[in-house]
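**Student:** Have a look at this one.
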Amino acid sequence: MELYLAHVGVNPENAKEVQALRDLLRLGLGMSEPAETPLSWFAADGKIEVMKEKGFGTKGHLAFYTPDLPTTISELEKLGYRFDLSTAKYNPDGAMRLIYLDREINGFAIHMTTRK
């Protein structure tokens, strides 16, 4: 099973917290925001995702990249982890690209993704 940390998603409590974190990353630490999605901004070369509104997980989420999602799911299930199929996202070709575990760990939702 091949896994790498893809990014850490941070959930804000409110819009003021979102802006404070964005300001720290951009202005204080000099990190660019290379991408914006409808749900978030990415900073630190895509390793930090600042959610625009509260997303999965009490504190946020941890995303792990895997080049082989079906094998990763199978291996983690053998270790007793379960996945929430309602969170699965698919590519246009029908291949699954993202799925969350069915529970939080230490306040973080965990998802596996085929996107780096």
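The values are calculated or read from the model by the stated rules, or taken from the named source; none is laboratory data. Computed from a predicted model, the values in this text were never measured in an experiment. Quick reminder, even Gly has a Cβ in these numbers, built from the backbone with ideal geometry, and neighbours come from all protein chains shown.
**Student:** May I ask you to list the residues in region 3-39 that are assigned to a loop (DSSP other than H, G, I, E, B), within 17 Å of the chain's Cα centre (by Cα) and farther than 22 Å from residue 54 by Cα?
**Tutor:** 3
**Student:** Just need a number here: residues in region 72-116 that are among the aromatic types (Phe, Trp, Tyr) and over 15 Å from residue 55 (Cβ atoms).
**Tutor:** 3
**Student:** Also, I was wondering about something else. Please work out which residue is nearest to residue 26 (Cα to Cα), limiting yourself to region 40-56 and to residues that are in a loop (DSSP other than H, G, I, E, B) and within 10 Å of the chain's Cα centre (by Cα).
**Tutor:** Per the criteria, the residue is 47.
**Student:** Restricting to region 91-100, give me the number of residues that are outside any strand (DSSP E or B) and either surrounded by 10 or more Cβ atoms within 10 Å (Cβ to Cβ) or small (Gly, Ala, Ser) (or both).
**Tutor:** Looking only at that region, the number is 3.
**Student:** So in region 40-73, with the set limited to residues that are closer than 20 Å to residue 3 by Cβ and surrounded by fewer than 12 Cβ atoms within 10 Å (Cβ to Cβ), which one is modelled with the lowest pLDDT?
**Tutor:** It comes out as 45.
**Student:** Follow-up. If I filter region 14-36 for residues that are within 13 Å of residue 113 (Cβ to Cβ), of a type outside the set (A, V, I, L, M) and surrounded by 12 or more Cβ atoms within 10 Å (Cβ to Cβ), do I get at least one hit?
**Tutor:** No, region 14-36 contains no residue that is within 13 Å of residue 113 (Cβ to Cβ), of a type outside the set (A, V, I, L, M) and surrounded by 12 or more Cβ atoms within 10 Å (Cβ to Cβ).
**Student:** Inside region 14-51, can you point out the residues that are touching a residue at least 40 places away in the same chain (Cβ under 8 Å) and at negative phi?
**Tutor:** Listed by number, the residues that qualify are 47, 48, 49, 50, 51.
**Student:** Within region 74-90, count every residue that is of a type outside the set (D, E, K, R), touching a residue at least 12 places away in the same chain (Cβ under 8 Å) and surrounded by 11 or more Cβ atoms within 10 Å (Cβ to Cβ).
**Tutor:** Qualifying residue count, region 74-90: 4.
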